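Before any comments, here is the structure.
The values are calculated or read from the model by the stated rules, or taken from the named source; none is laboratory data. Because the structure is a prediction, the values reported are computed rather than measured. Heads up, the Cβs are rebuilt from the backbone with ideal geometry, glycines too, and the neighbour counts pull from every protein chain shown. The area values use the complete protein model at the heavy-atom level, side chains included, leaving out ligands, DNA and RNA. Shrake-Rupley method; radii C 1.70, N 1.55, O 1.52, S 1.80 Å.
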Amino acid sequence: MSKIHKPGRKVILRIATILIVVGVLVPLYGLIFSGKDPSPNIRKPYGVGEPMPSAAKPTASSIANYTVSAGLPKYIAIPAIGVQQTRIKPLGLIKNRTIATPDNLYDTGWYNGSAKPGESGAMFIYGHVSTWKARGVFYDLKKLKPGDRITVERGDGKLFTYEVNRTTVYPAGKVDMAAVLTPAEPGKPGLNLMTCSGTLLKNANDFTERLVVFTSLIKK
């Protein structure tokens with residue numbers, strides 16, 4: 001068997017190096033230029049082909065008997081707009097990395113990829129504004145002002161109080177989810193609430209905007 005000379009070895013090493021570089025860069029290029037946003041999206045609350053949330057009001061007993069794990073958000077109260085002991089249901093991601101929405105007008109939903117009460121980061125809670133039939137739990141969210149208080153009760157009964165920092169309105173298709181999932185004050189736990197706003201689009205069963213209220217934890 002003939003001996004491989006040094007020039008041949010160099011060529012083989014160069015080819016191997018090229019293959020390794022290509023193997024690393026091609027997948028990386030695909031991630032960067034695929035157009036996929038690693039952040040979750042906001043879907044239409046009841047778009048074409050999707051069921052509208054129920055307008056049946058939860059009974060007092062169903063609210064009182066509602067339970068979640070000790071560290072999870074259970075109830076939310078916003079005295080300034082008349083929201084009292086409202087259930088917080090966990091929400092996950094559905095297809096296309098969109099966040100699910102509450103199936104009832106009178107419940108809110110906590111995105112389970114966001115922070116829990118008192119944790120660093122921002123807790124994200126979504127609530128409906130209305131349907132063709134009735135007003136939702138966050139119908140008056142637009143009325144909140146800086147300094148208004150919001151209370152979240154955890155599954156173990158511990159209370160967390162947040163103070164409104166600011167309100168931001170986004171076009172429906174351009175919600176900055178990186179901002180929505182970031183605390184209003186760096187290094188301080190936050191709670192960010194969102195609902196629909198703007199003009200109702202009759203043919204799409206959707207609204208033109210999304211309203212986000214940013215708050216910061218002041219007491220636990």
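Over all other residues within a Cβ to Cβ distance under 11 Å of Tyr170, the charged ones net out to 0, with Lys and Arg as +1 and Asp and Glu as -1. The label point for Lys142 and the one for Ser120, both projected 7 Å from the Cα toward the Cβ, are 3.7 nm apart.
Projecting the Cα positions of Ala134, Val152, Leu181 onto the charge dipole of region 108-191 (unit charges on Cβ atoms of Lys, Arg, Asp and Glu, taken about the Cα centre) puts Ala134 furthest along the positive direction. Per-residue Karplus couplings for region 73-82, computed as 6.51 cos²θ - 1.76 cosθ + 1.60 with θ equal to phi - 60°, are listed in order as x, 10, 10, 10, 9, 10, x, 4, 10, x Hz, Gly and Pro entered as x. Rounded to the nearest 5, the antiparallel percentage of DSSP beta bridges internal to region 73-132 is 65%. Counting every C-alpha pair in region 71-190, the share spaced more than 25 angstrom apart comes to 17%.
If the segment from Gln84 to Trp132 were pulled out straight at 0.36 nm per residue, it would be longer than the present Cα-Cα gap by 15.0 nm.
For the listed peptides 191-197, 67-73, a ranking on the average number of other beta carbons within 10 Å per residue, highest first, reads 191-197, 67-73. What separates the Cα centres of region 167-220 and region 63-83 is a distance of 20 Å.
In plain terms, the chain from Met52 to Thr199 could stretch by 51.2 nm, reckoned as 0.36 nm per residue minus the Cα-Cα distance. Legend: calculated FRET efficiency, Thr98 to Leu72, from the Cβ-Cβ distance at R0 = 22 Å, rounded to 0.05, equals 0.55.
As an exercise, take the mean of 1/r over every pair of distinct alpha carbons in region 62-119, invert it, and state the Kirkwood radius in angstroms.
One over the average 1/r among Cα pairs gives 12.5 Å for region 62-119.
Relative to the Cα centre, what is the charge dipole magnitude of region 136-220, using +1 at the beta carbon of each Lys and Arg, -1 at the beta carbon of each Asp and Glu, and rounding to the nearest 20 debye?
160
Asp140 sits with roughly 40 Å² accessible to a 1.4 Å probe, with DNA, RNA and ligands left out of the calculation.
Close amide H partners of Arg210, meaning residues 5 or more places away or on another chain with modelled amide H under 5 Å apart, are Tyr170, Ala172, Ser197.
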